[in-house]
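Worksheet: one structure, shown below.
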Amino acid sequence: MSSEIRTDVDTIVDRVHRIGREIVEPAAAEVDRAARFPTESFAALRAEKLLSAYVPVQYGGMGLYLLAAILTITSAVSYFRKHGHAVLE
């Protein structure tokens, strides 16, 4: 992976981690207690175009190649994994 592409992927993954820390984690316990869909989390991901990361640019996505999309998704999963466990805290 070229250093330019790696920098772009790192920037995207940093955005995922910021959303995870600032939006997903703080809402996890309340989302679980209310047994509701984490609307605010998905709205933040959508606003950053992270839900369409692998979709080609001409269709409104980011056009990421497969490895970059996997790194992005893996980063997001680490935060969403907290849902379902927050109730037990």
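Computed from backbone phi with θ = phi - 60° and the Karplus coefficients 6.51, -1.76 and 1.60, the 3J(HN,Hα) list for segment 21-29 is 5, 8, 10, 5, 4, x, 8, 4, 5 Hz; x is used for glycine and proline. In order along segment 44-52, the phi-based Karplus estimate (6.51 cos²θ - 1.76 cosθ + 1.60, θ = phi - 60°) of 3J(HN,Hα) comes to 5, 5, 5, 4, 8, 6, 6, 6, 10 Hz; Gly and Pro are listed as x. Using the Cβ-Cβ distance between residue 78 and residue 8 with R0 set to 25 Å, the FRET efficiency from 1/(1 + (r/R0)^6) comes to roughly 0.80. For segment 12-65, the pair-distance distribution built from all alpha carbon pairs, in bins 10 Å wide starting at 0, is 25, 44, 24, 7 percent.
Less than 5 angstrom separates the built amide H of residue 55 from those of 62, 63, 64, all sequence-distant by 5 or more or on a different chain.
If the segment from residue 51 to residue 36 were pulled out straight at 0.36 nm per residue, it would be longer than the present Cα-Cα gap by 3.5 nm.
All of the numbers you see were taken from the coordinates with simple rules; none came from a lab. Small disclaimer: the values here were computed from a predicted structure and weren't measured. Please note: Cβ atoms are built from the backbone with ideal geometry, for glycine as well, and neighbour counts cover all protein chains shown.
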